[in-house]
Amino acid sequence: MIEVNITLIKLSEEHKDDLMIMCKVDELDFSDKAIIKICEDNQFILLTNDTDFKNSYIDIVSCHKRMFL
């Protein structure tokens, strides 16, 4: 038997909008969008070789050659 604990929260309109953006199907998956949002909200620089972030608007440090083409 698997025990599951679920907590319901009430989202503000701003958070609902963020969630809808994250759930929209496009070139980035959910986790990539979450990483971008975290970097954006905290002025973080992302260290990655994942080319999924190539066209994102956050600051990125990478050694992957295709990131710069």
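Brief remarks follow.
- Note on the range 27-69: residues that are in a loop (DSSP other than H, G, I, E, B) and open to solvent by 50 Å² or more (accessible area, probe 1.4 Å) amount to 14.
- The selection criterion, being open to solvent by 100 Å² or more (accessible area, probe 1.4 Å), under 30 Å from HIS64 (Cα atoms), free of Cβ contacts under 8 Å to residues at least 40 places away in the same chain and not in a loop (DSSP other than H, G, I, E, B), holds for ILE21.
- Reported count of residues in the range 1-18, each being surrounded by 10 or more Cβ atoms within 10 Å (Cβ to Cβ) and assigned to a loop (DSSP other than H, G, I, E, B), is 1.
- Of all residues in the range 35-66, exactly one satisfies the criterion of being touching a Phe, Trp or Tyr at 6+ places or on another chain (Cβ under 7 Å) and within 16 Å of MET22 (Cα to Cα), namely ILE38.
The values are calculated or read from the model by the stated rules, or taken from the named source; none is laboratory data. Everything numeric in this text was worked out from a predicted model, so none of it was measured. Neighbour counts run over all protein chains shown; Cβ positions are idealised from the backbone, glycine included. These area figures cover heavy atoms from the full protein model, side chains too; ligands, DNA and RNA do not enter into them. Shrake-Rupley method; radii C 1.70, N 1.55, O 1.52, S 1.80 Å.
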